[in-house]
Amino acid sequence: MTASKSSRARNARIGAQAGAAKGGTAVKNGSGAGARGGSAARGGAGAGGGGANRGGSGANRGGGSTATRDRADRDQARTGAARNGAAARAPRTLEARDEVAERGPAPWLQIATLVLALGGLGVSIYLTIAHFTETALAGCSESGLVNCTKVTTSPESYVFGIPVAVLGLAFFVFAVAIMSPWAWQSARREVHLVRIASMVVGIGFVLYLIYAELFTIGSICLYCTSVHAITFVLFVLTMFAAAAWGLKPGRPWKLTPARQSE
């Protein structure tokens, strides 16, 4: 009886130990499955996070490319506007350049007035020398209507006590300066006004001398007449220049015409 009980007790203990061992194995297996499940969860989370990161990177790249395209479009728009502005300004620049090139008297008029003034200066110098040396003028008659000596020694050969020859010399010295191409090209309006005023005074004096020769002295002087003719032509050219081109500076005086830029 006692042996049977002890046998049953041992069998119960052995069965309990076997059950406990099986339970521990199950617990271990459950922990491993849980761990593997956690690993799978972490793997899934990592994969999802990586996909999200890649998506974010793609979005960033997309945003960067869009901003770059926008900057390129703005640069192209500014370049096009600059080109259009340059193209719009180009005709105005050419027109202004053409306007400047067409201002002022023509070069031939500038040269012609300078040559005439130099001719009048030469005759005036000769008349002044003849007046003070009291020598006869070469090639001029001494009788009849053409009588240079009678004219140059008459009382009318002085104006306010000054010899007319000296006044003519001073006038043509000024005329050479005011009729030079540099004076024609001056940008100062006063220079052109003084030129016109001097020619008006000069032609008025010439009219007085012609009246004195024809109606007071009764003779004419060929040298004086040549000076009168030069003064009249200078007066006409000056008035023509003022009427045709206005009181504007002339074009640069060059021996060869300037090439027009294409």
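Take the residues in region 166-185 that are more than 18 Å from residue 239 (Cβ to Cβ) and assigned to a loop (DSSP other than H, G, I, E, B), then tell me which one is least open to solvent (accessible area, probe 1.4 Å).
Quick first cut of region 166-185, residues more than 18 Å from residue 239 (Cβ to Cβ) only: 166-170, 172-173, 176-177, 180-182, 185.
Okay, now just the ones that are also assigned to a loop (DSSP other than H, G, I, E, B), so 180, 185.
Numbers: 180: 16, 185: 52 Å².
Only one residue fits best here, namely 180.
Could you please find all residues in region 225-260 being assigned to a helix (DSSP H, G or I) and either at pLDDT below 80 or out of contact with any helix residue (DSSP H, G or I) (no Cβ under 7 Å at 6 or more places or on another chain) (or both)?
225, 229, 236, 239, 240, 243, 244, 245
Looking at this structure, is residue 157 without any contact (Cβ under 8 Å) to a residue 60 or more places away in the chain, of a type in the set (Gly, Ala, Ser) and open to solvent by 50 Å² or more (accessible area, probe 1.4 Å)?
Here the answer is no, as residue 157 does not meet what is asked.
State all residues of region 162-211 that are among the small types (Gly, Ala, Ser) and within 27 Å of residue 135 (Cα to Cα); if no residue qualifies, say none.
Once the filter is applied, which keeps residues that are among the small types (Gly, Ala, Ser) and within 27 Å of residue 135 (Cα to Cα), region 162-211 yields 165, 168, 170, 175, 202.
Looking at region 212-237, I want the residues that are more than 23 Å from residue 129 (Cβ to Cβ) and open to solvent by 20 Å² or more (accessible area, probe 1.4 Å) and have a partner that is of a type in the set (S, T, N, Q) and part of a helix (DSSP H, G or I) with Cβ atoms under 7 Å, at least 6 apart or on another chain. Which pairs are those?
Sorted first by the residue in region 212-237, then by its partner, the pairs are 237/113.
Evaluate region 189-211: report whether one residue or more is open to solvent by less than 40 Å² (accessible area, probe 1.4 Å), within 18 Å of residue 240 (Cα to Cα), of a type in the set (S, T, N, Q) and not in a helix (DSSP H, G or I).
Scanning region 189-211, I find no residue that is open to solvent by less than 40 Å² (accessible area, probe 1.4 Å), within 18 Å of residue 240 (Cα to Cα), of a type in the set (S, T, N, Q) and not in a helix (DSSP H, G or I), so the answer is no.
Within region 123-140, does at least one residue satisfy the condition of being modelled with pLDDT under 95, of a type in the set (D, E, K, R), within 21 Å of residue 219 (Cβ to Cβ) and not in a loop (DSSP other than H, G, I, E, B)?
no
If I ask for residues that are surrounded by 12 or more Cβ atoms within 10 Å (Cβ to Cβ), modelled with pLDDT under 80 and in a helix (DSSP H, G or I), which ones from region 101-122 would you list?
The one that is surrounded by 12 or more Cβ atoms within 10 Å (Cβ to Cβ), modelled with pLDDT under 80 and in a helix (DSSP H, G or I): 101.
State which residue pairs qualify: first residue over 18 Å from residue 228 (Cβ atoms) and inside region 124-145, second residue assigned to a strand (DSSP E or B) in any location, beta carbons under 9 Å apart, and separation of 6 or more residues or different chains.
Final answer for the pair search is 132/163; 136/142.
Filtering region 142-154 down to residues that are outside any helix (DSSP H, G or I) and open to solvent by 50 Å² or more (accessible area, probe 1.4 Å), which residue is nearest to residue 199 (Cα to Cα)?
Only one residue tops the list, namely 153.
The values are calculated or read from the model by the stated rules, or taken from the named source; none is laboratory data. In this text, all values refer to a predicted model and were calculated from it rather than measured experimentally. Reconstructed Cβ throughout: ideal geometry from the backbone, glycine too, with neighbour counts over all protein chains shown. All accessible areas refer to the heavy atoms of the entire protein, side chains included, with ligands and DNA or RNA removed. Shrake-Rupley method; radii C 1.70, N 1.55, O 1.52, S 1.80 Å.
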